[in-house]
1. Expected output is a single nm value to one decimal: the length gained when fully extending between ASN201 and PHE49, i.e. 0.36 nm times separation in residues minus the C-alpha distance. What is it?
2. Multiplying the sequence separation of ASN2 and LYS95 by 0.36 nm and subtracting their Cα-Cα distance, what value in nm do you get?
3. Using Cα pairs closer than 8 Å and at least 6 residues apart in sequence, work out the relative contact order for region 64-214, in percent.
4. For region 185-272, which trypsin sites (Lys or Arg not before Pro) are both in a DSSP coil and crowded by at most 13 other Cβ atoms within 10 Å?
5. Counting other C-beta atoms within 10 Å, and keeping those with at most 11, which DSSP coil trypsin sites (Lys or Arg not before Pro) do you find in region 75-123?
6. Is the shape of region 1-72 best called rounded, prolate or oblate, per the rule: a/c under 1.5 gives rounded, else a/b larger than b/c gives prolate, else oblate, with a ≥ b ≥ c the square roots of the Cα gyration tensor eigenvalues?
7. Residues of region 179-197 with amide nitrogen under 16 Å from the 7 Å Cα-to-Cβ point of ASP164?
8. Between VAL255 and ARG211, with labels modelled 7 Å along Cα→Cβ, what's the label distance in nm to one decimal, could you check?
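What follows is calculated from the coordinates using simple rules that are stated; it is not laboratory data. In this text, all values refer to a predicted model and were calculated from it rather than measured experimentally. Ideal geometry is used to build each Cβ from the backbone, glycine not excepted, and the neighbour counts take in all protein chains shown.
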Amino acid sequence: MNNILLINDMAGYGKVALSAMIPIMSNMKFQVYNLPTALVSNTLDYGKFDILETTGYMKNSMRVWGELGFTFDTIATGFLVSEEQTRLVAEFCEKKKDQGAFIFVDPIMGDDGILYNGVTENTVGYMRQMCKVADLIVPNCTEAAFLASKYTDKRILTMAEAEDLAHTLHGYGAKTVVITSVNIDGQTSTLLLDGETDKMNVFPYTEIPVRFPGTGDIFSAVLIGKYRGGHSIEDSVQLAMKVVEKLIALNKDNVDKYKGIPLEQYIEVITE
């Protein structure tokens, strides 16, 4: 159970997406394969960037892999560039799920209450299809709200609203739901709905007032690695939170934060 396919973008400059997840998961002893959804010149935080969409390459790769009989124990999806690509990946994951693969979905669509440029309601609809086949889905609060079509205009939720959000996504088909960066009654937290037990957990944390791109990808990589490595979902979420918190604290004084955290220097911290 150590064979994983990462479907995400690849940045040429910056430790985000595949550039962040591959070294982490490789050091966690996974056999890591990747399918880039786009080649990105640098992290978008710099304000100038170029993106090459790879949907055609993805289609051909999926066909060739099918002919070669390649299989994956786990598939983790992240940034998807277009409606066509989202539909392609949803159909691919649905097929692989039927063959026994574990499906992890990070529905990257927006943050801070708004959708990213180019993300349409159709894209949101295809992401709901991803929820249907997902064993574990990890949206942030903004993405969860748009997927559920509720609370999109609220930055602070009550506990009842946060639970309703998680149950709505679970109702779409996602077995287990983790919602990050959700403000519950004034306390920033990570919310976990364990689909196996229907138990709800809230893990509060204190935000460090700096922003690095790629911390969500680090969180996902550690969460998947710990969970697929045999830890409980509760322990996996908390371990991922601790790693991200520690890395931000160690790098909060970095001059150029736009390129993300130089995580190769902290592999022991990440994989301990």
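1. Answer, rounded to one decimal: 50.8 nm.
2. 31.5 nm
3. Dividing the mean separation by the residue count of region 64-214 yields 17 percent.
4. For trypsin sites (Lys or Arg not before Pro) across region 185-272 that sit outside H, G, I, E and B with at most 13 neighbouring Cβ atoms in 10 Å, the list reads ARG211, LYS252.
5. none
6. Verdict is oblate for region 1-72.
7. 183-185
8. 2.2 nm
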